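Data block below; observations after.
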Amino acid sequence: MSDTPTLLYCRCAYAQVVPSGVKNAVLQQLCDSGASFETVSDLCEMTAHRDPRLQELARCGRLRIAACYPRAVTGLFQQAGAPLPEGTEILNMRSLTAEEITRQMLRTEDLAMTAEPA
Amino acid sequence: MITHTARPLKVVLYEGKGAIPLPAEARLKVMTALLDKGYAVARVTTSGSQTSAPQDDHTLLLLGSFPERQAPALEDVTGRIQIEARDITDLDAESIVALVDKTRGQKPMNEPGKWKPWFPVIDYSRCTNCMQCLSFCLFDVYGVSEENKIQVQNNDNCKTNCPACSRVCPEVAIMFPKYQAGPINGDEVSATDHGREKMKVDISSLLGGDIYSALKDRSAAAKSRFSKERSPDKALDERKKCLTKLVSDGFIPMDVLASLPSPDEILRKSEIAKARAAAALAAQPGAQPAN
């Protein structure tokens, strides 16, 4: 299990509740960084179908998630039988700016960033 | 309980060793197009944590721009996962999505726009397992676990845009992440939100929801009230009154009211839900045996 946090981005593709400007900008900045990251189309949809991939993600050890309200994201994982590990950071794209999200997602003290940004 | 439906591919956009990084604009377009189609995509570079491999029978499709346009032959050492690699040099986003679709083949997949993930999510840090939601919902969304804990069991039965159960939850413990306003959308619960509990108790009283609190307390007064409110006609009238109020207040859509089962069916479901809730409550640790 790696000590480096796994970065996870939720596209919220099944409903337009996350401002598109924010989610597009966050994805762009993740893409422009040299970081590895995971993306999912929609955490709600995965929970609805008890997608086993949520358990894989919860087993990553450390997670830093750009998605929705932390209470909702925590509940979604729990409802899918994949409770989030302690210390999971959840960044809310519905209330924070893209800059605030990406600053937190890509902060480098525990994130290996050896690749040059494109 | 809804089970996992097919999500047959995990897509990896590989830009690690042995691959040529994509131009920034192309990378964003590909990621966006695949996500908006419903795929899960991992970007792998030479840095950061490794992507999690599928734990079930998924196929892992690795996309990259490789020297001489030659995708490597890859194999899972455990033999559990099928790994396929494709070279995407010079392909535009549309062509890459088509390539991924082709790899998926005829296997079905959930796609955005064809279904809205609308269902309640329980905040167990707030839930007191009072069973109000179970007794309120007429669409069998809720059930109880083997440990007699309330849980969401039939997501697809939930009526789109109806957050009515969250309105009757006395602890503001039911969320709908796709809802617009807080705290139903998962936003923090403020003192004001919790102060609305009184109004909610009134609503649940209309529904006979206090029966379950009464079952907990085993008070004689509550028992008396329980017997009075078991009148089928009264229960039906009160439930309709409550739902009509929720519609007129803009809390639930009109089509939910229109899609209610017949009065007989409501009564039947209501009795079943009451029995399940009562049984679950009675089985909880600390519950007193009924006299």
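The values are calculated or read from the model by the stated rules, or taken from the named source; none is laboratory data. Because the structure is predicted, anything quoted here is derived from the model rather than measured. Virtual Cβ from ideal backbone geometry, glycine too; neighbours counted across all protein chains shown. The area values use the complete protein model at the heavy-atom level, side chains included, leaving out ligands, DNA and RNA. Shrake-Rupley method; radii C 1.70, N 1.55, O 1.52, S 1.80 Å.
Normalised by the number of residues in the stretch B:121-206, what is the relative contact order in percent for Cα pairs under 8 Å and 6+ residues apart?
Details: 108 pairs, mean separation 22.9, N = 86.
Across the stretch B:121-206, relative contact order equals 27 percent.
Where does each of A:Arg50, B:Arg86, A:Arg64 land when they are ordered by accessible area, with a 1.4 Å probe and the largest first?
Working: A:Arg50 40, B:Arg86 75, A:Arg64 0 Å².
My answer, sorted largest first, is B:Arg86, A:Arg50, A:Arg64.
Under the Karplus relation 6.51 cos²θ - 1.76 cosθ + 1.60, θ = phi - 60°, what is the ordered set of whole-Hz ³J(HN,Hα) values for the stretch A:29-38, x standing for Gly and Pro?
Coupling constants for the stretch A:29-38: 5, 5, 5, 6, 7, x, 7, 7, 7, 9 Hz.
Using the structure shown, select from A:Lys23/B:Lys10; B:Lys37/B:Lys159; B:Lys17/B:Lys178; B:Lys37/B:Lys245; A:Lys23/B:Lys245 the pairs with a Cα to Cα distance greater than 32 angstrom. Don't skip to the answer; put the middle values down first.
Working: A:Lys23/B:Lys10 21 Å; B:Lys37/B:Lys159 24 Å; B:Lys17/B:Lys178 39 Å; B:Lys37/B:Lys245 39 Å; A:Lys23/B:Lys245 37 Å.
Pairs exceeding 32 Å: B:Lys17/B:Lys178; B:Lys37/B:Lys245; A:Lys23/B:Lys245.
Averaged across the residues of B:119-125, what count of C-beta atoms belonging to other chains lies within 10 Å of each residue's C-beta?
5
In the full protein assembly as shown, how much of B:Asp90 is accessible to a 1.4 Å probe, in Å² to the nearest 10?
Near enough 130 Å² of accessible area.
What is the set of long-range amide H partners of A:Tyr9 at a cut-off below 5 Å, with H atoms built 1.01 Å from backbone N?
Amide H neighbours of A:Tyr9, under 5 Å, 5+ apart: A:Glu38, A:Thr39, A:Val40, A:Ala66.
Provide, for q = 0.13 Å⁻¹, the log10 of I(q)/I(0) from a solvent-free Debye sum over equal Cα point scatterers in the stretch B:10-104.
-0.40
Averaged over its residues, how many other protein chain Cβ atoms are within 10 Å of peptide A:54-60's Cβ atoms? Intermediate results must be reported in sequence, preceding the final value.
Numbers: counts 1, 3, 8, 2, 1, 2, 4.
Mean shielding count: 3.
Over the stretch B:10-104, what is the mean sequence separation of C-alpha contacts under 8 Å (at least six apart), divided by residue count, expressed as relative contact order in percent? Intermediate results must be reported in sequence, preceding the final value.
Details: 146 pairs, mean separation 30.9, N = 95.
33 percent.
Just flag the GluC sites (Glu not before Pro) in the stretch B:79-181 sitting in loop per DSSP whose Cβ has no more than 15 other Cβ atoms within 10 Å. Numbers along the way, then the final one.
Values: sites: B:Glu84, B:Glu94, B:Glu146, B:Glu147, B:Glu171; in loops: B:Glu146, B:Glu147, B:Glu171.
Taking the stretch B:79-181 and a limit of 15 other Cβ atoms within 10 Å, the loop GluC sites (Glu not before Pro) found are B:Glu146, B:Glu147.
Ignoring the sites themselves, what is the longest stretch of chain A with no GluC sites (Glu not before Pro) in a DSSP loop and at most 12 other beta-carbon atoms within 10 Å?
Numbers: sites that count: A:Glu86, A:Glu109.
Segment A:1-85 is the longest.
Output the relative contact order of the stretch A:6-103, whole-number percent, from Cα pairs under 8 angstrom with separation of 6+ residues.
Details: 149 pairs, mean separation 34.5, N = 98.
Across the stretch A:6-103, relative contact order equals 35 percent.
Looking only at other chains, what is the average number of their beta-carbon atoms within 10 angstrom of each beta-carbon in B:106-115?
On the way: counts 0, 0, 0, 1, 8, 4, 9, 3, 1, 3.
Whole-number average of other-chain Cβ neighbours for B:106-115 is 3.
Roughly how far apart, in whole Å, are the Cα centres of the stretch B:130-188 and the stretch B:76-111?
So the two Cα centres are separated by 37 Å.
Roughly how big is chain A's charge dipole about its Cα centre, with Cβ charges of +1 (Lys, Arg) and -1 (Asp, Glu), in debye to the nearest 20? Display every interim value, and only then the final one.
On the way: 11 positive and 14 negative charges, 70 e Å.
That gives chain A a dipole magnitude of about 340 debye.
Over its Cα atoms, what ratio of radius of gyration to 2.2 N^0.38 Å does the stretch B:121-206 give? Walk me through the numbers on the way to the answer.
Working: Rg = 12.2 Å, N = 86, 2.2 N^0.38 = 12.0 Å.
This ratio for the stretch B:121-206 stands at 1.02.
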